[in-house]
Amino acid sequence: MEKEVVKRFEPIIQRINSGNKLLHVWEIKGGISAQVWGLEVLQPNGQKQKMIVRQHGDNDYFRNPNIAADEFRLLELLDCEGILVPKPFYLDQSGVIFTRPFLVMEFIDGKNDFNPTNVRDYISQLANHLANIHRVDISKLDVSFLPLQNEICIELLNRKSDNSLNEYLMQQYLKSGIPLSKKNQDVILHGDFWPGNILWKDGKLVAVIDWEDAAIGDPLSDLANGRLEVLFKFGIEAMNEFTSTYQSLMPQIDYTDLPYWELFAALRLSVFTEWGLDKQIEKVMREKHEWFVTHAFTRMNKGG
């Protein structure tokens, strides 16, 4: 069976270098937004190298048929700017090997870590790398291929839901505040900054992955999403530590509208009820989500 799989993937690595030989292929499980395979390649110089083949799923592809090309281009830009991302090697849009576009990138020797031994250091590294992403000077780069976060937000405001997490109330409240006055310079947004999109090795953050939700917009959008995700995984104290560390690194940002972006994050992530989670895990997440939304509403009503 593996020989058949190797035969299917070998043309990919030979397009990168005609002297490459494919030794091994394995499917990488865990993600829901893309199909991912690992490749072990014997290069002409006798060195072995691992690579990743990434093909986006239906939702992302039909939302943006150019998503593979966009992610490839963004990874090139971010790698040049010193952001810890997989180096992109090859983009295929021919439809010859696979019917859908895909990209080949560097294999990062790391893994997700949801139980760090030193939570404070873990949170500090998360905040530092989010700040590094937001420091990339887009005035010197062509990022016109990325969507605007405001356009994504409008789609969220019109998304249908079962209202089990007060989605309708959040939508109406947010609609009443549009358009927000622009207080911050636009930055590159990861769009889904959470521990599941971070790779670690020996306690060090080694890569930020899965950039299919990237956009251009207010840095508070990423911060708010990160706050809720850290709350889900590590609790209120860790969320506050994540926020204060980021704020100390990015003092130039106006944080007035953070509660507003928190409601967007809460609205975006309200779909966790559809993930088929363990009932107890979902119960705890519901409680944290409710607290997060209530806290955001309270601060908005107080004007800060």
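Summary of computed values
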{"read-out": "Hits in the range 212-265 - residues which are more than 14 Å from ASN128 (Cα to Cα), in a helix (DSSP H, G or I) and hydroxyl-bearing (Ser, Thr, Tyr)", "value": "SER221, TYR260"}
{"read-out": "Tally, over the range 164-193, of residues that are in contact with a Phe, Trp or Tyr (Cβ under 8 Å, 6 or more places away or on another chain) and at pLDDT 95 or above", "value": "2"}
{"read-out": "Set VAL85, VAL25: member being farther than 17 Å from LEU199 by Cα, buried (at least 16 other Cβ atoms within 10 Å of the Cβ) and at pLDDT 90 or above", "value": "VAL25"}
{"read-out": "Some residue of the range 76-88 being touching a helix residue (DSSP H, G or I) at 6+ places or on another chain (Cβ under 7 Å) and free of Cβ contacts under 8 Å to residues at least 24 places away in the same chain", "value": "yes"}
{"read-out": "Which listed residue is farther than 20 Å from TYR260 by Cα and either in a helix (DSSP H, G or I) or in contact (Cβ under 8 Å) with a residue 60 or more places away in the chain (or both), from TYR168, TYR122, TYR173", "value": "TYR122"}
{"read-out": "Which listed residue, of GLN172, GLN247, is under 24 Å from ILE83 (Cα atoms), outside the structural domain of ALA34 (by TED's automatic domain parsing) and of a type outside the set (A, V, I, L, M)", "value": "GLN247"}
{"read-out": "Filtered residues of the range 266-304 (kept if charged (D, E, K, R) and either part of a helix (DSSP H, G or I) or in contact (Cβ under 8 Å) with a residue 12 or more places away in the chain (or both))", "value": "ARG268, GLU274, LYS279, GLU282, LYS283, ARG286, GLU287, LYS288, GLU290, ARG299, LYS302"}
{"read-out": "Residue count, the range 181-197 (criterion: over 8 Å from the mean Cα position of the chain (by Cα) and in a helix (DSSP H, G or I))", "value": "2"}
{"read-out": "Selected residue (only one of ASN132, ASN166 is under 24 Å from GLU282 (Cα atoms) and of a type in the set (S, T, N, Q))", "value": "ASN166"}
{"read-out": "Residue ranges of strands (runs of 3 or more DSSP E) in the range 1-74 with at least 1 members within 16 Å of the chain's Cα centre (by Cα) and either more than 26 Å from ILE138 (Cβ to Cβ) or free of Cβ contacts under 8 Å to residues at least 12 places away in the same chain (or both)", "value": "34-42, 48-56"}
{"read-out": "Some residue of the range 215-233 being buried (at least 18 other Cβ atoms within 10 Å of the Cβ), within 19 Å of LEU78 (Cα to Cα), of a type in the set (Asp, Glu) and in contact (Cβ under 8 Å) with a residue 40 or more places away in the chain", "value": "yes"}
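The values are calculated or read from the model by the stated rules, or taken from the named source; none is laboratory data. It should be emphasised that the depicted structure is a prediction, and the values quoted were computed from it without experimental measurement. Every residue, glycine among them, receives a Cβ derived from its backbone with ideal geometry; neighbour counts consider all protein chains shown.
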